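**Q** Here you go, one structure.
Just so it is clear, none of the values below were taken in a lab; they were calculated from the coordinates. Bear in mind that the values here come from a model prediction, so they are computed numbers and not experimental data. Cβ sites come from the backbone with ideal geometry, for glycine too, and all protein chains shown count toward neighbours.
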Amino acid sequence: MIGRDLLGVEELEKRIGYVFENKTLIERAITHRSFAADHNERLEFLGDSVLNCVVGHALYARDTHFTEGVLSRVRANLVCEKTLDEIATRIEINRFIRLGEGELKTGGATRPSIMADACEAVFGAVFLDAGFEAAQRVILSLYEPILAGNSMAPERLAKDAKTELQECLQGMHLSLPEYKVVSITGAAHKQLFCCSCRIEKFQIEETGQGKSRRAAEQEAAAKALLKVQTELKR
């Protein structure tokens with residue numbers, strides 16, 4: 001077995017600012033499916049829904065000039081894996097997560113997706129333990145540095161490449177790009193996706209790679225958008 005010095009749940013409770021009545025919930029929230037049958041995936045599903053509601057309400061209340069489209073975009077950037085991993089790193093959730101030996105050997109203890117999922121599972125656990133208001137307090141406390149400092153920053157407001165490309169083509173009354181999965185390589189726990197983005201009008205086809213289909217499509221779209229913009233300048 002690979003040795004790890006995990007911290008106790010009492011320390012995690014201190015870091016999130018909430019003490020559980022039902023300790024089984026927090027134990028489950030930090031248990032990956034590779035470790036035990038009673039794992040955190042259902043809590044993650046619940047926590048994702050609670051998180052979207054809390055962040056959406058916070059943005060609605062804070063930024064009254066935002067349109068629906070901007071609100072949706074900023075919320076998506078705030079509840080995505082990258083932002084959740086920021087929070088996970090800040091509270092060092094990797095020092096609490098129980099992982100199977102196979103996941104440990106392949107770097108699961110620092111994998112952003114696992115860290116982000118555990119954060120959502122914790123939010124779900126708080127919701128089940130004490131209800132929406134308690135979960136809201138925990139989430140807003142952890143998100144406060146981001147909401148206070150960066151919710152208006154360009155990276156939070158920016159449109160993703162697929163959206164930009166779609167709007168660009170729609171503005172010229174052209175067909176939307178066609179995305180396809182070219183290949184999926186690697187073991188099930190560590191897959192690498194390769195996707196293509198084709199724009200018939202300009203005979204452009206670009207490929208991108210990523211740890212998820214969405215990430216690969218985004219990279220392909222960014223490359224295709226750059227070529228479209230180059231074509232339009234000619």
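**Q** Determine how many Å³ per residue the convex hull of the Cα atoms of the chain encloses.
**A** 137
**Q** Could I ask something else about it? Could you work out the helix-only [θ] at 222 nm for the chain, with each DSSP H run of four or more residues adding -39,500 (n - 2.57) and the total divided by the number of residues, to the nearest 500 deg cm²/dmol?
**A** -18500 deg cm²/dmol
**Q** Mind checking the angle between helix 132-149 and the chain's longest principal axis? C-alpha axes, 0 to 90 degrees, to the nearest 10.
**A** So the helix axis and the longest Cα principal axis differ by about 50 degrees.
**Q** Let's test the formula: R0 of 22 Å, r as the Cβ-Cβ distance of ARG137 and THR110. What FRET efficiency results, to the nearest 0.05?
**A** 0.20
**Q** Considering only the chain, what is the antiparallel percent among its DSSP beta bridges, to the nearest 5?
**A** Restricted to the chain, the bridges split so that about 95 percent are antiparallel.
**Q** Further question on the same structure: Relative to the compact globular guide of 2.2 N^0.38 Å, what is the alpha carbon radius of gyration of region 1-124, as a ratio?
**A** With N residues counted in region 1-124, Rg over 2.2 N^0.38 Å equals 1.13.
**Q** Taking 7 Å along the Cα-to-C-beta vector as the label spot, tell me the GLN209-LYS227 distance in nanometres, rounded to one decimal.
**A** With each label point 7 Å from Cα toward Cβ, the separation is 1.8 nm.
**Q** Cross-link list LYS201/LYS223; LYS23/LYS82; LYS23/LYS211; LYS82/LYS233; LYS82/LYS162: which exceed 23 angstrom alpha carbon to alpha carbon?
**A** Distance filter (> 23 Å) returns LYS23/LYS82; LYS23/LYS211; LYS82/LYS233.
**Q** Follow-up. Using only Cα atoms and rounding to the nearest 10 degrees, what angle (0 to 90) does helix 213-233 make with the longest principal axis of the chain?
**A** Long axis of 213-233 versus the principal axis of the chain: about 30 degrees.
**Q** Let me ask something else about it. What's the exposure ranking of GLU103, GLU41, going from fewest to most Cβ atoms within 10 Å?
**A** Ordered from fewest to most neighbouring Cβ atoms within 10 Å, GLU103, GLU41 come out as GLU41, GLU103.
**Q** If neighbour count is taken as other Cβ atoms inside 10 Å, put CYS197, CYS168 in order from fewest to most.
**A** CYS168, CYS197
**Q** Tell me the relative contact order for region 9-157 as a rounded percent, counting alpha carbon contacts under 8 Å between residues six or more apart.
**A** 36
**Q** Still on this structure, please answer the following. I need the peptides 173-183, 82-92, 120-130 ranked by packing, meaning the mean over residues of other C-beta atoms within 10 angstrom, with the highest value on top.
**A** In decreasing order of mean packing, 173-183, 82-92, 120-130 become 120-130, 82-92, 173-183.
**Q** Could you please state, rounded to a whole Å, how far the C-alpha centre of region 61-121 is from the C-alpha centre of region 215-234?
**A** Centre-to-centre (Cα) distance: 28 Å.
**Q** Label points 7 Å out from Cα along the Cβ direction at ARG15 and THR185: separation in nm?
**A** The modelled label-to-label distance comes out at 3.5 nm.
**Q** Can you give the Rg/Rh ratio of region 172-233, where Rg is from the C-alpha atoms and Rh is the Kirkwood radius?
**A** Answer for region 172-233: 1.06.
**Q** Compute the long axis of helix 68-78 from its Cα atoms, compare it with the longest principal axis of the Cα atoms of the chain, and write down the angle in degrees, 0 to 90, nearest 10.
**A** It works out to around 50 degrees.
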